[in-house]
Amino acid sequence: MAKVYAITNQKGGVGKTTTTVNLAASLAATKRKILLIDLDPQGNATMGCGINKAELAHSVYDVLVAGRSIADTVVAAPDCGFMVLPANQDLTAAEVELLNEIGREFRLREALAPILGDYDYILIDCPPSLNMLTINALAGATGVIIPMQCEYYALEGLSALITTINRVKQLINPKLEIEGILRTMFDGRNSLTNQVTDELRRHFGEKLYSTVIPRNVRLAEAPSHGLPILFYDKQSKGSLAYLALAGEMLRRAGKTTEVSSDLSANEQLGHSHG
Ligand SMILES: Nc1ncnc2c1ncn2[C@@H]1O[C@H](COP(=O)(O)OP(=O)(O)OP(=O)(O)O)[C@@H](O)[C@H]1O
Ligand SMILES: [Mg+2]
């Protein structure tokens, strides 16, 4: 059965999409079967996987609103080794169209049920808002991955997110857990970064990934080529960091990975920053 992770933070530009795309590629590189779900009308994850959001025959909109099956809607990320349920701006209308529907929180969960056996990991890229799309992701997920920048206001925003996660857990999805907190665009030379890290460790303990994602210009360039970093610049720090994150996730899940010597070196890189 697939583990379903919502990658979410209502703060914009914290690295949700970058994390979803690159984690999908890194997990796929360990021979896991991966589905990436783009649940953001911006369609950034779709484009970042080399799929043109302007030319979609069908999208996650059809799944949520018209009950189309995920199996009939997914497309392959070209040469990336994983599948994508794509999105574009059509999805903006979904919220309004679902407004008067009974069970609107469960549209994604219902659509996921028949395909959970087809994948090892399903990663959902959420929009920068705690709206009905995000609630659909949280209702259908088993875990939440929270990417965040180590800034002063980051912790403040986090409490609203944690409250929402707890409400969803109480009311509609008792299985929901925080899977991990990921520090993105990390700069260890900044003293504030270390203070925020200390606080995160106090609050979240083991849930704070020891892998950090450094600020790396190659990560910012890759989407314009429609490629995960692994296929754009495999040796870049960003690429190594996302491979290390995949390794850390798999270790947490207690699974044996086919760890290449490459990958273990990368994990050390992650630890040296963490
Ligand atoms: N580690 C990094 N180093 C350098 N640039 C990064 C890194 N991570 C993300 N970026 C860049 O920062 C910007 C925001 O990242 P991203 O789109 O992943 O954030 P997001 O949380 O998905 O944003 P939104 O809330 O709009 O969906 C993008 O231009 C991305 O390329
Ligand atoms: Mg995004």
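The values are calculated or read from the model by the stated rules, or taken from the named source; none is laboratory data. These numbers were taken from a predicted model, which means no experiment stands behind them. A quick note on method: Cβ atoms are made from the backbone with ideal geometry, for glycine too, and the neighbour counts reach across all protein chains shown.
Out of curiosity, is Leu36 aliphatic (A, V, I, L, M) and either more than 16 Å from ligand 1 (Cβ to nearest atom) or surrounded by fewer than 22 Cβ atoms within 10 Å (Cβ to Cβ) (or both)?
Here the answer is no, as Leu36 does not meet what is asked.
For the stretch 124-168, give me the residue count where each residue is surrounded by 20 or more Cβ atoms within 10 Å (Cβ to Cβ), in a loop (DSSP other than H, G, I, E, B) and modelled with pLDDT of 95 or more.
Going through the stretch 124-168 one residue at a time, the tally reaches 3.
Out of Ser191, Ser210, report the one residue that is surrounded by fewer than 20 Cβ atoms within 10 Å (Cβ to Cβ) and touching a His at 6+ places or on another chain (Cβ under 7 Å).
Ser210
Mind counting the residues in the stretch 148-190 that are polar (S, T, N, Q) and either on the phi > 0 side of the Ramachandran plot or in contact with a Cys (Cβ under 6 Å, 6 or more places away or on another chain) (or both)?
Residues flagged as polar (S, T, N, Q) and either on the phi > 0 side of the Ramachandran plot or in contact with a Cys (Cβ under 6 Å, 6 or more places away or on another chain) (or both) within the stretch 148-190 amount to 0.
Restricting to the stretch 1-28, give me the number of residues that are aliphatic (A, V, I, L, M) and assigned to a strand (DSSP E or B).
3
Do the conditions hold for Ala45, that is, is it within 16 Å of ligand 1 (Cβ to nearest atom), in contact with a Lys or Arg (Cβ under 9 Å, 6 or more places away or on another chain) and assigned to a loop (DSSP other than H, G, I, E, B)?
No: the conditions fail for Ala45.
If you check Leu39, Leu23, Leu56, Leu64, which single one turns out to be away from ligand 2 (no atom under 11 Å from the Cβ) and either among the hydroxyl-bearing types (Ser, Thr, Tyr) or under 15 Å from the mean Cα position of the chain (by Cα) (or both)? Walk me through it before giving the result.
Numbers: Leu39 fails: away from ligand 2 (no atom under 11 Å from the Cβ); Leu56 fails: either among the hydroxyl-bearing types (Ser, Thr, Tyr) or under 15 Å from the mean Cα position of the chain (by Cα) (or both); Leu64 fails: either among the hydroxyl-bearing types (Ser, Thr, Tyr) or under 15 Å from the mean Cα position of the chain (by Cα) (or both).
That would be Leu23, the only listed residue that is away from ligand 2 (no atom under 11 Å from the Cβ) and either among the hydroxyl-bearing types (Ser, Thr, Tyr) or under 15 Å from the mean Cα position of the chain (by Cα) (or both).
Quick check on Gly180: is it surrounded by 19 or more Cβ atoms within 10 Å (Cβ to Cβ), within 21 Å of the chain's Cα centre (by Cα) and touching a residue at least 60 places away in the same chain (Cβ under 8 Å)?
Judged against the criteria, Gly180 is a match.
What residue, of Ala241, Ala220, is of a type in the set (Gly, Ala, Ser), in contact with a strand residue (DSSP E or B) (Cβ under 9 Å, 6 or more places away or on another chain) and in a helix (DSSP H, G or I)?
Just one listed residue meets the conditions, Ala241.
For every residue, the table says whether it meets (1) at pLDDT 95 or above; (2) within 22 Å of Leu23 (Cβ to Cβ); (3) within 16 Å of ligand 1 (Cβ to nearest atom); (4) in a helix (DSSP H, G or I).
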site: Glu97; (1), (2), (3), (4): no, no, no, yes
site: Ile102; (1), (2), (3), (4): no, no, no, no
site: Phe106; (1), (2), (3), (4): yes, no, no, yes
site: Pro114; (1), (2), (3), (4): yes, no, no, yes
site: Ile122; (1), (2), (3), (4): yes, yes, no, no
